[in-house]
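S.K.: Handing you a structure now.
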Amino acid sequence: MPVPHVREPNPKRLDGIAALKQAARAAGIAVGLFVLLLGVRTEQGPTGALVITTRFGLLAEIVAAVFLLSLARSLVWQRVVADFTRLVPAAVRTAAAGLSHHLARAFVVFALLAPVFFYTNRYLLDLAILIVTYTMLGFGLNIVVGLAGLLDLGYVAFYAVGAYSYALIAQTFGLSFWICLPLAGILAAFAGVLLGFPVLRLRGDYLAIVTLGFGEIIRLILLNWQSLTGGPNGISGIPRPSFFGLPFNSSPDGFAATFGLHYSPTHRIVFLYYVILALALLTNWVTLRLRRLPIGRAWEALREDEIACRALGVNTTNTKLTAFAMGAMFGGLAGAFFATRQGFISPESFTFSESALVLAIVVLGGMGSQLGVAVAATVMLGGFELFREFDQYRMLVFGLAMVAIVIYRPRGLVATRAPSISGRGGNVPAGLGRNARSGGAA
Amino acid sequence: MTATPILAVEHLTMRFGGLLAVSDLSFSASERHITALIGPNGAGKTTLFNCITGFYRPTVGRLSLVHPGGATFLLERLSEFRIAKEARVARTFQNVRLFAGMTLLENLLVAQHNTLMVASGFTVLGLFGARRYARAEAGAVDKARYWLDRVGLADRADDPAGALPYGAQRRLEIARAMCTDPVLLCLDEPAAGLNNRESAELNEFLRAIRSEHGISILLIEHDMGVVMEISDHIVVLDYGVKIADGTPEEVRNDPNVIAAYLGVPNEEIGRIEAEVRS
């Protein structure tokens with residue numbers, strides 16, 4: 001949207017005195033916060049008793065830093081940012097908006113070619129598989145949280161159901177990956193409906209608490225149903241996927257020998273990468289398709305106003321249950337993939353922190369935006385790996401990044417919502433057609 | 001009255017714990033008529049609406065709706081979405097309830113959810129791009145366009161509904177209700193917050209949809225200018241009890257109605273106080 005070049009007074013811009021006052025206030029808070037944390041310290045004295053040592057120098061340094069940063073923020077930073085947004089001409093901004101669909105396409109192309117770039121780097125290939133897995137989980141959760149507006153804190157339960165379904169079916173009946181995969185999806189969808197029924201009347205906080213509980217119930221069942229799931233020992237020796245019947249090993253009828261290649265364990269990794277990429281792209285395609293069907297519009301309407309939905313004859317029970325089932329199904333498919341990739345699963349892989357991570361991906365990416373989810377998954381998991389060496393500070397940086405995004409982009413990285421249909425020109429108008437393909441995988 | 005009744009409310013009582021919101025109320029609304037419900041604040045009008053549209057289940061009473069084709073629905077037995085879907089009663093809300101983040105066009109398409117759902121083969125056919133669904137959707141868009149045009153919002157079809165000014169939001173809500181093909185349209189204070197010109201336009205619009213689309217309208221309204229001008233029949237409630245029922249002319253001169261709206265004369269208050277003390 002073109003924004004006129006008008007210099008309007010910025011109410012947030014503070015003059016010198018006010019900035020000083022604010023900086024003093026920030027410094028005061030810092031004193032209160034750190035006086036006991038940093039200023040006083042107990043150490044073991046020579047006799048073994050604890051002695052209190054003071055570090056008021058350090059405290060003074062920190063407080064001074066807070067004061068100066070606050071001053072700099074209100075005097076310099078706001079001015080720079082405000083002027084910068086005004087300096088960018090409207091045309092550039094429109095171009096930037098148009099860029100997003102190119103970005104999505106570039107993303108998909110890059111994802112397709114990733115194994116070519118990283119063929120020799122096993123570590124990066126594994127990371128890419130991880131990122132795409134979480135992108136797919138994000139897409140699945142996006143249906144429940146982003147479209148239908150049902151806050152689900154127990155999404156990992158469906159991931160677990162998919163993984164265990166695959167592991168148990170494949171081991172017990174010896175069926176192939178491609179038969180077990182849809183079965184795992186269907187079973188996870190059932191679990192979704194199972195969760196959906198009791199929470200039909202709940203919204204917001206209450207729904208979040210019950211889904212959180214559901215996630216824990218599934219984990220505890222997996223942990224305690226020793227005879228079926230192996231309890232804390234998990235399930236090992238889960239069959240690996242084969243390339244249409246050709247196993248990835250060095251035997252004469254293996255994948256490498258059949259195609260006359262020199263055997264390499266990387267073949268399997270690349271194959272796994274393409275399997276999860278195909279699953280993620282399928283999820284993306286289905287989601288974008290559903291958004292333009294009545295069920296998708298009903299989901300979004302449900303998020304906006306449930307009572308109005310019912311007044312218009314929308315069966316909200318079925319609408320919610322289908323949202324839970326669809327989201328759970330994609331979570332289950334990703335779970336089945338996880339099981340076959342790891343070859344070993346145990347309840348430890350399905351803790352609440354996984355649900356929280358997927359939810360963070362969806363929320364930071366911009367609820368309802370496919371491209372946003374893919375970007376957020378890449379940034380977060382890539383960031384985790386990047387900061388692996390600074391293990392102590394990883395969560396600190398992660399937390400700061402979260403706070404920054406919530407303050408500066410409260411609706412996520414990609415905050416714009418593309419309408420599911422345009423009043424100008426038919427079903428799939430040009431603008432939407434582009435957006436419809438937007439959002440690939442990392 | 002010669003017209004055939006479309007909605008018959010019989011002995012309706014709605015109790016919330018110790019509060020009697022509607023008490024033994026009976027009246028009927030006629031086909032192709034505009035029936036107005038009036039009464040002071042807290043008289044039970046919106047409660048009655050919520051009973052008719054299934055958002056509340058009445059404590060006692062029967063609500064029967066007869067379609068022009070002859071099909072009869074007992075509304076007190078249906079859940080709210082089936083009242084909208086099968087009995088085809090559409091409603092608007094006192095505090096406008098639009099899908100604020102969605103575009104105007106999307107709002108009107110959600111209203112056609114059930115038809116589109118069938119056309120999309122309950123999503124399965126639609127997912128694979130069946131031609132039947134594309135046709136049905138084009139039809140739904142045409143219908144939505146027609147109603148947007150009727151309420152003068154055609155050029156804003158792609159804007160989010162929440163960005164509309166208040167008066168336009170009220171009109172859009174009526175358009176959305178009309179997209180469900182209702183037999184009975186229930187409007188909860190459609191003229192609230194509108195200026196004189198807007199409420200005159202609203203009168204015109206309601207009369208037009210009544211005569212062109214052959215629907216019946218049930219209306220809660222405080223704006224007496226609107227009520228007296230367009231209603232064929234007025235029901236007056238006070239403290240959950242019907243105190244008058246008739247044409248605008250009859251209601252205007254009814255002493256009970258005047259007392260309810262303007263209060264009773266001073267000498268009567270003195271008499272009541274004396275009774276309470278003794």
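S.K.: Give the residue that is farthest from the other protein chains (Cβ to nearest Cβ), with candidates limited to residues of region A:268-289 that are closer than 23 Å to residue A:243 by Cβ and among the hydroxyl-bearing types (Ser, Thr, Tyr).
M.R.: A:273
S.K.: Taking region B:48-70 as the search range and keeping residues that are assigned to a loop (DSSP other than H, G, I, E, B) and at positive phi, which one is surrounded by the most Cβ atoms within 10 Å (Cβ to Cβ)?
M.R.: Within region B:48-70, the match that is surrounded by the most Cβ atoms within 10 Å (Cβ to Cβ) is B:54.
S.K.: Residues A:18, A:24, A:49: which one is more than 25 Å from residue A:74 (Cβ to Cβ) and either among the aliphatic types (A, V, I, L, M) or not assigned by TED's automatic domain parsing to the domain that holds residue A:70 (or both)?
M.R.: Of the residues listed, the single one that is more than 25 Å from residue A:74 (Cβ to Cβ) and either among the aliphatic types (A, V, I, L, M) or not assigned by TED's automatic domain parsing to the domain that holds residue A:70 (or both) is A:49.
S.K.: Does residue A:192 meet the test of being part of a helix (DSSP H, G or I), within 20 Å of the chain's Cα centre (by Cα) and under 22 Å from residue A:242 (Cβ atoms)?
M.R.: No; evaluated as a whole, the condition is false for this residue.
S.K.: Let me ask something additional. Can you tell me how many residues in region B:142-167 are more than 12 Å from chain A (Cβ to nearest Cβ), closer than 21 Å to residue A:300 by Cβ and either modelled with pLDDT of 90 or more or part of a helix (DSSP H, G or I) (or both)?
M.R.: Selection size over region B:142-167: 2.
S.K.: Scan region B:218-246 and report the pairs whose first residue is more than 27 Å from residue B:178 (Cβ to Cβ) and whose second residue is surrounded by fewer than 18 Cβ atoms within 10 Å (Cβ to Cβ), with Cβ atoms within less than 6 Å and a gap of 6+ or a chain change.
M.R.: B:240/B:20; B:243/B:256; B:244/B:254; B:244/B:256
S.K.: Being farther than 30 Å from residue B:163 by Cβ and at the interface with another protein chain (Cβ under 7 Å from one of its Cβ atoms) is the filter here; which residues of region B:101-131 pass it?
M.R.: Of everything in region B:101-131, just one residue is farther than 30 Å from residue B:163 by Cβ and at the interface with another protein chain (Cβ under 7 Å from one of its Cβ atoms), namely B:127.
S.K.: Check B:136, B:177 and return the single one that is modelled with pLDDT under 85 and either assigned by TED's automatic domain parsing to the domain that holds residue B:103 or closer than 24 Å to residue B:53 by Cβ (or both).
M.R.: Of B:136, B:177, the one residue that is modelled with pLDDT under 85 and either assigned by TED's automatic domain parsing to the domain that holds residue B:103 or closer than 24 Å to residue B:53 by Cβ (or both) is B:136.
S.K.: Considering only helices (runs of 4 or more DSSP H) fully contained in region A:281-355, which possess at least 3 residues that are closer than 28 Å to residue A:238 by Cα and either of a type in the set (S, T, N, Q) or not assigned by TED's automatic domain parsing to the domain that holds residue A:380 (or both)?
M.R.: none
S.K.: May I pose another question? I want to confirm something. Restricting to region B:7-20 and keeping residues that are surrounded by 14 or more Cβ atoms within 10 Å (Cβ to Cβ) and modelled with pLDDT of 85 or more, which single residue is farthest from residue B:66 (Cα to Cα)?
M.R.: Only one residue fits best here, namely B:15.
So that you can scan it fast, the table gives a plain yes or no per residue for (1) at pLDDT 85 or above; (2) under 18 Å from the mean Cα position of the chain (by Cα):
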position	(1), (2)
B:184	yes, yes
B:187	yes, yes
B:192	no, yes
B:251	no, no
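S.K.: A follow-up question, please. Where residues in region A:166-203 are over 15 Å from residue A:334 (Cβ atoms) and touching a Cys at 6+ places or on another chain (Cβ under 6 Å), which of them is surrounded by the fewest Cβ atoms within 10 Å (Cβ to Cβ)?
M.R.: Filtering first and then ranking leaves A:169.
S.K.: Moving to a separate point now. If a residue has to be at the interface with another protein chain (Cβ under 7 Å from one of its Cβ atoms) and assigned to a helix (DSSP H, G or I) to count, how many in region B:76-91 make the cut?
M.R.: Residues meeting the conditions: 4.
S.K.: Is it fair to say residue A:219 is away from every other protein chain (no Cβ under 14 Å), under 24 Å from residue A:329 (Cβ atoms) and assigned to a loop (DSSP other than H, G, I, E, B)?
M.R.: Taking the combined requirement at face value, the residue does not satisfy it.
Rundown of residues vs (1) touching a helix residue (DSSP H, G or I) at 6+ places or on another chain (Cβ under 6 Å); (2) among the β-branched types (Val, Ile, Thr), yes/no style:
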| residue | (1), (2) |
| --- | --- |
| A:242 | no, no |
| A:258 | no, yes |
| A:270 | yes, yes |
| A:275 | no, yes |
| A:279 | yes, no |
| A:310 | yes, no |
| A:316 | yes, yes |
| A:319 | yes, yes |
| A:337 | yes, no |
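S.K.: Scan region A:265-274 and give yes if some residue there is farther than 30 Å from residue A:362 by Cβ, surrounded by fewer than 14 Cβ atoms within 10 Å (Cβ to Cβ) and modelled with pLDDT under 90, otherwise no.
M.R.: Checking region A:265-274: at least one residue is farther than 30 Å from residue A:362 by Cβ, surrounded by fewer than 14 Cβ atoms within 10 Å (Cβ to Cβ) and modelled with pLDDT under 90.
S.K.: Moving to a separate point now. With (1) in a loop (DSSP other than H, G, I, E, B); (2) surrounded by fewer than 20 Cβ atoms within 10 Å (Cβ to Cβ) as the list, and residue A:238 as the residue in question, which single condition is left unmet?
M.R.: (2)
S.K.: Let me ask another. Going through A:169, A:186 one at a time, which residue ends up being free of Cβ contacts under 8 Å to residues at least 24 places away in the same chain, of a type outside the set (Asp, Glu) and closer than 26 Å to residue A:271 by Cα?
M.R.: A:169
S.K.: Hey, residue B:168 hits all of (1) among the hydrophobic types (A, V, I, L, M, F, W, C); (2) within 25 Å of residue B:36 (Cα to Cα); (3) crowded, with 22+ Cβ neighbours inside 10 Å but one; which does it fall short on?
M.R.: So the condition that residue B:168 fails would be (3).
S.K.: Let me ask something else about it. Being outside any helix (DSSP H, G or I), in the same structural domain as residue A:156 (by TED's automatic domain parsing) and at pLDDT below 90 narrows it down to one residue among A:383, A:399, A:368, A:372; which is it?
M.R.: Unique residue meeting the criteria: A:368.
S.K.: Okay, next question. Does any residue in region A:290-315 that is more than 7 Å from every other protein chain (Cβ to nearest Cβ) and surrounded by fewer than 23 Cβ atoms within 10 Å (Cβ to Cβ) come within less than 6 Å, Cβ to Cβ, of a residue that is assigned to a loop (DSSP other than H, G, I, E, B) and not hydroxyl-bearing (Ser, Thr, Tyr) six or more places away or on a different chain, and which pairs are these?
M.R.: A:303/A:148; A:303/A:149
The values are calculated or read from the model by the stated rules, or taken from the named source; none is laboratory data. The structure displayed is predicted, hence computed values, not measured ones. Glycine also receives a Cβ, built like all others from the backbone with ideal geometry; neighbour counts cover every protein chain displayed.
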